Amino acid sequence: MNVNVLTMHHQALLIMVVTALISRTGGVCYFSQEQQGVYLTQSVVLNIGESGGSSSSSVQYLELTVLPDAIPVWGYCHKRLGNNVLLYDNTGGTDCVRCFHLSVRSPHVLEVHTESLDICYTNEDAALATCPTREHIRSRTTREIMLYKTARLTGPPSPTVYCPINGRFRFTYNNQEDGTETISECAAPSSRLSNCPSGNVLTLQFRQCSFQDFDKVFDCLGDWQGSDGQRYLALRDSMEQNSTGSPQYRCAMYSIEKETGRVYLSLSSDSTCTNKLSHPWQGYETLVLDPIALPPPPVTVSSSSCKFPPWSLGQWEQVKMHSNELSYTDLESYKTYKVVCLDATDAHDDKALAVGILPVFAQSQCGEEAFTCLSVQERSSNVMEFQMSTEGQLSYQPGMCNSPSTRGWGPWLTQGRLDRFRQSACPVAGEYTGALPDAPSLCAKLYSDCNNPEIMFYTVYSCANRSEVFEDREYRCLG
């Protein structure tokens, strides 16, 4: 266990708690580390056209900060009830209490719903009655506020996010700016979209459309399932710095057909996830993506009868193992690989096979391919590790994995099982308590569930008042 990481975590927690106690009196209320940060949220200004008969919207952004115990423009954290939080503000001379529903959608996106920013209540019960429910959010009867994180309060920048739309595609495109247009601007499937060469970026190349050819590049900020069951995707236009009034941040809905791989993708007209966005196939801008097939593998690969070990089959965190094929997403290179196990012609003489090293054929979502070696190791009933050799060859060479010590290897990737879970008791049984070494005013309790030995709980609370809980986590032990 990394002591430095734990120390940094507890220091951040101590700063958060001390700030909350100094700023507020009464009950402790705070925002989680994931919610804290500096964000941009949009404001829309209408510009009247020269003729006076039409108008266009110009998107501008306001900076908003979520502190450990406050969102300054909205108020101090007064009470938390699950994802709902009451914010208290008296800067106008009178009490103002409002309820906000906060959902962390990704390391870069915080979705907020509230009744209205223009309505205040003077007492807690009245504000609680307006807290958005799942049904309110699903039916879009509350105000949605999308916050896009630009910086953390402490620590390193937020991690890069992999795009859920993976590979190369042809697409058609339709812009329904006036709400009535039925003619596609890009009717011929000559345009291209891909997350190549980097899987965290979508590149769109508009070709042979009703407008001049151009390229657009989006950074993927995260995707999630909304309250309405639809899949949403947040994007940042890396080529748009908001100098023209065009939205720098975009929200989209998407749907992927399992049988064909076809993707329906629609974008809203601005940085919200509601304006002119109804379905993956109905939005302000709509694209239909058809996948471009990768080149077929060599005969050596398609004729292979090799099988991965039975214990390894199934769904893991970043890996899906089939009988002779696995797919995984490398979050270092931001590529998705399809890896096929190969028959070793000298299998019985090969010591590599005995220690779990296999010859394989690897192909990325962008079509890059190579013959290389894969090591797969079972660490426990629910944990495996694997690593790929960093050395690849254009053709299969018998015995190429016989001398693993002479090959270059990537890092070991540890994976927890997501299906066919086999119970594994936690190594810590009973209940343990104590003060945090770097925050003596805070205590921690670690305890296991006697009825479910694979479950463990970790709680951080005030040593002076056990009811003031600052962190409460549940863990499932994998082995």
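Can you give me the Rg/Rh ratio for the chain, using Cα atoms for both radii and the Kirkwood formula for Rh? Rg/Rh: 1.01. Modelled this way, with points 7 Å down the Cα-to-C-beta line, the labels at Val428 and Glu368 are 4.0 nm from one another. Tell me, rounded to the nearest percent, the portion of alpha carbon pairs in the range 220-329 spaced more than 23 Å apart. For the range 220-329, the share of Cα pairs beyond 23 Å comes to 49 percent. The loop-placed chymotrypsin sites (Phe, Trp or Tyr not before Pro) in the range 267-320, going by DSSP, that have at most 15 neighbouring Cβ atoms within 10 Å of their Cβ come out as Trp281.
Each of Thr141 and Glu378 was given a label point 7 Å from its Cα along the Cα-to-Cβ line. The distance between the two points is 5.4 nm. Placing a label point 7 Å from the Cα of Ser441 along the Cα-to-Cβ direction, the residues of the range 66-94 whose backbone N falls under 19 Å of that point are 67-70, 77-78. Applying the Kirkwood pairwise sum to the alpha-carbon positions of the range 299-416 produces a hydrodynamic radius of 14.3 angstrom. Ranking Gln212, Thr336, Gly229 by how far each Cα lies toward the positive end of the dipole of the chain (charges on Cβ) leaves Thr336 at the top.
In this calculation the C-beta distance from Ser467 to Asn275 is compared with R0 = 41 Å, giving a FRET efficiency of 0.45. In this simple spin-label approximation, Asp237 and Gln60 carry label points 7 Å from Cα along the Cα→Cβ vector, and these lie 1.7 nm apart. Filter Lys276/Lys320; Lys258/Lys307; Lys276/Lys338; Lys335/Lys445; Lys79/Lys276 down to the pairs with a C-alpha to C-alpha distance above 31 Å, please. Correct reply: Lys276/Lys320; Lys276/Lys338; Lys335/Lys445; Lys79/Lys276. Geometric descriptor of the range 431-476, per residue, is 71 Å³ (volume of the convex hull of the Cα atoms).
Applying a 4.7 Å Cβ-Cβ cutoff to the chain, the cysteines left without a disulfide-compatible partner are Cys450. Kirkwood analysis of the Cα pair distances in the range 216-271 returns a hydrodynamic radius of 12.3 Å. With only Cα atoms counted, the range 138-244 has Rg and Dmax values of 16.5, 49 Å.
For Arg476 and Thr94, FRET efficiency with R0 = 56 Å and r from the beta-carbon atoms, rounded to 0.05? Computed FRET efficiency for Thr94 and Arg476 comes out at 0.70. Working note: 222 nm ellipticity from helices only, DSSP H runs with n ≥ 4, each -39,500 (n - 2.57), summed and divided by the residues of the chain, gives -2000 deg cm²/dmol to the nearest 500. Placing +1 on each Lys and Arg Cβ and -1 on each Asp and Glu Cβ, with no other charges, gives the chain a dipole about its Cα centre of roughly 580 debye.
Throughout, read-outs are computed from the coordinates displayed, never taken from laboratory work. Nothing here was measured: the structure is a model prediction, and the numbers come from that model. Please note: Cβ atoms are built from the backbone with ideal geometry, for glycine as well, and neighbour counts cover all protein chains shown.
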